[in-house]
Amino acid sequence: MTKTSQWFLLLGLTVGLAAEGYAYQREQASQQRRLARISTLADQLRANNQQRAQANTATVRSIAHIVCQNYNQAAYQVILAETQQIQARTQSLLDTVNLLRRRLQTDVASTALANQLPAHFDQYIAFVQRYIPKKHYVLTPFAGERWLQPRELGELPLPAALAALAPLEAVVRRHEARALQTQAEKISSNWDGFDKIGALAVPTTETVAPGGIYQAQLFLAQAGHRDFCNLEMTANGVLLTQPNAPGMQVRFAAPARRPGQHDTVWAHWHGTIRATFFPPDTVLQLDVPYLIVQRPAR
Amino acid sequence: MSRFALTLTLLLLAALGGGYVGYRQQQAQAQRGHLLQQLDNALTAQNNETAKQTAETLRSMAETIAKNRNQPAEMAVLHRAEALSSRIQRLCDTLRTYQQLLRRAAGREAAPNSLAQPEATAPVARLLGSGTRGQRALHQQLAACTDTLRRLGAATAAPPAAPAFANLPIVEALAVLTQLEAQLRASEARTLRHLARPLGAARLPTRLVAAATAERASVAPGDTYRARLVVVKSLATVATRMFCNGQPVPVGPDGVGRVRFRAPAKPGPASWTATIRLNQNGRDTTFAVRVPYRVAPR
């Protein structure tokens, strides 16, 4: 080979290498752009997943409320128990997905957990599809070519690996929503959505001394036991169980007279009302004063 | 070894190494493309769900307005909401048509929703590239939607901006179109919620209040104290006026009337009449109730 040919060969190879370097740079930039696109789509999915999770929680709460409005009938309680199980199984699976997310983020060994995911999803799908009508296609993650397999998570850059978990959550939330909707359709509320409104007076005492002062609170009140179902009422910490419309009967022995005590003393009792479903987790408290009066000896 | 041979070997090794890096880059890009398709499919499913929810929101708006006797101002709001929805639906249909055309250009693989040539850029340039009819139509429709959203929307509803498709491979262009649909659907949902909020008859604010009624004001030491613990769903409005036997009673800011009068001197059953008057949605309403009590010496 002549010297000139040698130079041309080396020059050609150098130009080729430079072209390779340029292609490498372009490819890197395009990979970064794709990674950014992946993250954007995953963010949108996560935001939607969060909204769906809130809507699903509201569905469970409304089912619980309707069951309560229907006097907790046994058949309705079965539906509520199933509903709560659907919610619990969904949460359990998503807790596993979140654990994997944290392990990926903190670089803790995640391969074993990732490899277990398909089995977890299969179990969940087998469970949840009992509650989804046949007309809906129940998509199974990791089944079929189009799903990224768990072993591939480790090969992806962290943002992409985290993004890959968002569609999994989306599928689970969608199945949960359909199952809960089916549960909600099984129970019907015969409540027409309108409560009767009326005046309601709550006197301090039902009996008043002749010429004494009568006192009462007057309310514009929405009637109906339905909103007050599953209320827990206590007096001095004791659960009240005897209904006395519109409320619960309170009965207790007034404290005995202590030596040296005045003939008339003020005392009070403490009442609490806890609403479990509606409005959720509300606790009302009140202190009710009363008089202990020693009757004159006859 | 001569200097030429050494340089040639080094250059060849570098070229081989570069080739391998390029191959790995291609593989990684294909894997990310695969993930992007997966995210795209999940977001498309969510877009379908959001479209159903939007239809449900419009139906519920119409129902609320009908219950409020189809008032012209509310009917106008419904028409604006329907016009917005149909405009956004038309744009989403256009986006889906572009996606179909791009999918057809990319060819389908055996696996559902997988593309044979996801990295091709020419079909995107032909359909949505700068100066094409597709790009002009998309920009026009998007500008019209953005304008409508701005005129109707809440301050938080930021309409989406027009995306750029220059040099995008098909898999990324599909993702951009899906994301645009998601943004449009989200803006639409926010705007509809904003429009729906003031519809329907005004509802009085309600709150739960605990109250107690004792049988008697006093009890002897060691005797049984009897009372009722009640919970009232109280409606409060500043326009409420309350009366006891026709005489006005003070109403607190909590909407509760304080009744206080001297009981008759004669023992026996007695009663008083509670009346509540309010003006709601332009209509005067009166609620009255007779409240019995007992006058008895201690």
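Annotations for the structure displayed:
- Some residue of the range B:98-107 being part of a loop (DSSP other than H, G, I, E, B) and not aliphatic (A, V, I, L, M): yes
- Residue selected from the range A:118-148 under the condition under 27 Å from B:Gln29 (Cα atoms) and either in contact with a strand residue (DSSP E or B) (Cβ under 8 Å, 6 or more places away or on another chain) or surrounded by 14 or more Cβ atoms within 10 Å (Cβ to Cβ) (or both), by the criterion farthest from the other protein chains (Cβ to nearest Cβ): A:Pro118
- Which numbered condition B:Thr146 fails, given (1) in contact (Cβ under 8 Å) with a residue 24 or more places away in the chain; (2) hydroxyl-bearing (Ser, Thr, Tyr); (3) more than 9 Å from chain A (Cβ to nearest Cβ): (1)
- B:Glu49 of a type in the set (Asp, Glu) and at pLDDT 95 or above: no
- Among (1) within 10 Å of another protein chain (Cβ to nearest Cβ); (2) in a strand (DSSP E or B); (3) modelled with pLDDT under 90 - the single one A:Asp195 does not satisfy: (2)
- Among the conditions (1) within 14 Å of chain A (Cβ to nearest Cβ); (2) modelled with pLDDT of 90 or more, the only one that B:Arg133 does not satisfy is (1).
- Qualifying residue in the range B:220-233 (condition: surrounded by 14 or more Cβ atoms within 10 Å (Cβ to Cβ) and in contact with a helix residue (DSSP H, G or I) (Cβ under 7 Å, 6 or more places away or on another chain)): yes
- Enumeration of residues in the range A:37-52 that are more than 7 Å from chain B (Cβ to nearest Cβ) and either in contact with an Asp or Glu (Cβ under 6 Å, 6 or more places away or on another chain) or loosely packed, with under 11 Cβ neighbours inside 10 Å (or both): A:Asn49
- Within the range A:46-165, helices (runs of 4 or more DSSP H) holding 1 or more residues that are modelled with pLDDT under 95, within 16 Å of A:Glu185 (Cα to Cα) and not β-branched (Val, Ile, Thr): A:74-106
- Residues of the range B:38-83 that are among the polar types (S, T, N, Q) and under 29 Å from B:Thr178 (Cα atoms): B:Gln38, B:Asn41, B:Thr44, B:Gln46, B:Asn47, B:Asn48, B:Thr50, B:Gln53, B:Thr54, B:Thr57, B:Ser60.
- The range B:248-270 residues that are farther than 18 Å from B:Val289 by Cα, paired with ones that are of a type in the set (D, E, K, R) (beta carbon under 7 Å, 6 or more apart): B:Gly252/B:Arg258
- Considered as a group, the residues in the range A:10-39 that are aliphatic (A, V, I, L, M) and in contact with a Gly (Cβ under 7 Å, 6 or more places away or on another chain) include one that is farthest from B:Leu13 (Cα to Cα), and that residue is A:Ala23.
- Inside the range B:196-213, residues that are at the interface with another protein chain (Cβ under 7 Å from one of its Cβ atoms), of a type outside the set (A, V, I, L, M) and either outside any strand (DSSP E or B) or without any contact (Cβ under 8 Å) to a residue 24 or more places away in the chain (or both) make up a count of 1.
- Against the conditions (1) modelled with pLDDT under 90; (2) within 22 Å of B:Pro292 (Cα to Cα); (3) touching a Lys or Arg at 6+ places or on another chain (Cβ under 6 Å), A:Glu232 satisfies every one except (2).
- Within the range B:164-178, the residues that satisfy the criterion of being surrounded by 18 or more Cβ atoms within 10 Å (Cβ to Cβ), away from every other protein chain (no Cβ under 11 Å) and either modelled with pLDDT of 95 or more or not in a helix (DSSP H, G or I) (or both) are B:Phe165, B:Leu177.
- Condition check for B:Arg216: facing another protein chain (nearest Cβ under 7 Å), in a loop (DSSP other than H, G, I, E, B) and either among the acidic types (Asp, Glu) or touching a strand residue (DSSP E or B) at 6+ places or on another chain (Cβ under 7 Å) (or both): yes
- Annotation: of all residues in the range B:5-32 being under 30 Å from A:Ala42 (Cβ atoms) and at the interface with another protein chain (Cβ under 7 Å from one of its Cβ atoms), the one that is surrounded by the most Cβ atoms within 10 Å (Cβ to Cβ) is B:Arg32.
- Residues satisfying the stated conditions in the range B:240-251, i.e. in contact with a Lys or Arg (Cβ under 9 Å, 6 or more places away or on another chain) and not in a strand (DSSP E or B): B:Thr240, B:Pro250
- Among residues of the range B:238-253 being within 10 Å of another protein chain (Cβ to nearest Cβ) and surrounded by 12 or more Cβ atoms within 10 Å (Cβ to Cβ), the one that is nearest to B:Thr273 (Cα to Cα) is B:Cys244.
- Of all residues in the range B:59-82, those that are free of Cβ contacts under 8 Å to residues at least 60 places away in the same chain have Cβ atoms under 9 Å from Cβ atoms of residues that are acidic (Asp, Glu), 6 or more apart or on another chain, in B:Ala62/B:Glu82.
- Residues located in the range B:252-290, provided they are part of a strand (DSSP E or B) and over 29 Å from A:Pro243 (Cα atoms): B:Phe261, B:Arg262, B:Arg277, B:Leu278, B:Asn279, B:Gln280, B:Arg283, B:Asp284, B:Thr285, B:Thr286
- Check on B:Ala265, farther than 27 Å from B:Asn281 by Cα, in contact with a strand residue (DSSP E or B) (Cβ under 9 Å, 6 or more places away or on another chain), small (Gly, Ala, Ser) and loosely packed, with under 14 Cβ neighbours inside 10 Å: yes
The values are calculated or read from the model by the stated rules, or taken from the named source; none is laboratory data. Because the structure is a prediction, the values reported are computed rather than measured. Heads up, the Cβs are rebuilt from the backbone with ideal geometry, glycines too, and the neighbour counts pull from every protein chain shown.
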